[in-house]
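The structure under discussion appears below in the form of structure tokens.
The values are calculated or read from the model by the stated rules, or taken from the named source; none is laboratory data. Quick caveat: nothing in here was measured; it's all calculated off a predicted structure. When we count neighbours, we look across all protein chains shown, and the Cβ atoms used for this are built from the backbone with ideal geometry, even at glycine.
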Amino acid sequence: MKFVYLGLGSNIEPEVNLPRGAHLLAQRVKVVARSRIWQTPPEGVDGPIFLNAAVHIQTPLDAKTLKWEVLRPLEAALGRVRGPDKFAPRPLDLDILIYDGEILDTTIWHRPHLAVPLAELLPDLPYPQSGERLAEIARRLQPPVGFFPRQDVRWEH
């Protein structure tokens, strides 16, 4: 089994779509742990707020199979249509952040919507260049306004 960390996000009916997507994901892979659900502002564009989270899963699938046979079909099942605008609103976004110990998405060190939820699951993950822990980086990246845990949104669908 491979240990994998995923980032989840939604900014189209996120209070419904993020938990729904997580529920569908749990039917396909073993969910080991999950972060809190965070409300985050959009990055780089105007648009609706996001809900973001991170999950730790176990799967026998390789990264490519996980992405193309599990994650992308789940996004599509909730209505995601990928187009030329990579910042377009989406009902569900599922990204492999870390696969079997390898960091696949190096933006985890620079993007608060990834760093903060992931730091709840891997607080001691060291930044390769400095050794600084992810929890410290996440704390520094977290904006003071518009970025907070949503206690009212439940993981259960």
Give just the number: which of (1) outside any strand (DSSP E or B); (2) among the aliphatic types (A, V, I, L, M); (3) touching a residue at least 24 places away in the same chain (Cβ under 8 Å) does residue 16 not satisfy?
-> (3)
Any residue in segment 90-106 that is of a type outside the set (Gly, Ala, Ser), modelled with pLDDT under 95 and exposed (fewer than 13 other Cβ atoms within 10 Å of the Cβ)?
-> no
Subset tally (residues that are under 22 Å from residue 115 (Cβ atoms) and outside any strand (DSSP E or B)) for segment 20-37 = 6
Checking residue 47 against (1) farther than 22 Å from residue 3 by Cβ; (2) loosely packed, with under 13 Cβ neighbours inside 10 Å; (3) in contact (Cβ under 8 Å) with a residue 24 or more places away in the chain, which test does it fail?
-> (2)
Quickly run through segment 140-157 and pick out the residues that are more than 19 Å from residue 19 (Cβ to Cβ) and of a type in the set (Phe, Trp, Tyr).
-> 147
Over 26 Å from residue 15 (Cα atoms), touching a Phe, Trp or Tyr at 6+ places or on another chain (Cβ under 8 Å) and touching a residue at least 24 places away in the same chain (Cβ under 8 Å): does that describe residue 62?
-> no
Quick one: which of 150, 111, 139 is farther than 23 Å from residue 63 by Cα and touching a Leu at 6+ places or on another chain (Cβ under 9 Å)?
-> 150
What about residue 84, is it within 26 Å of residue 44 (Cα to Cα), in contact with a Lys or Arg (Cβ under 7 Å, 6 or more places away or on another chain) and surrounded by fewer than 17 Cβ atoms within 10 Å (Cβ to Cβ)?
-> no
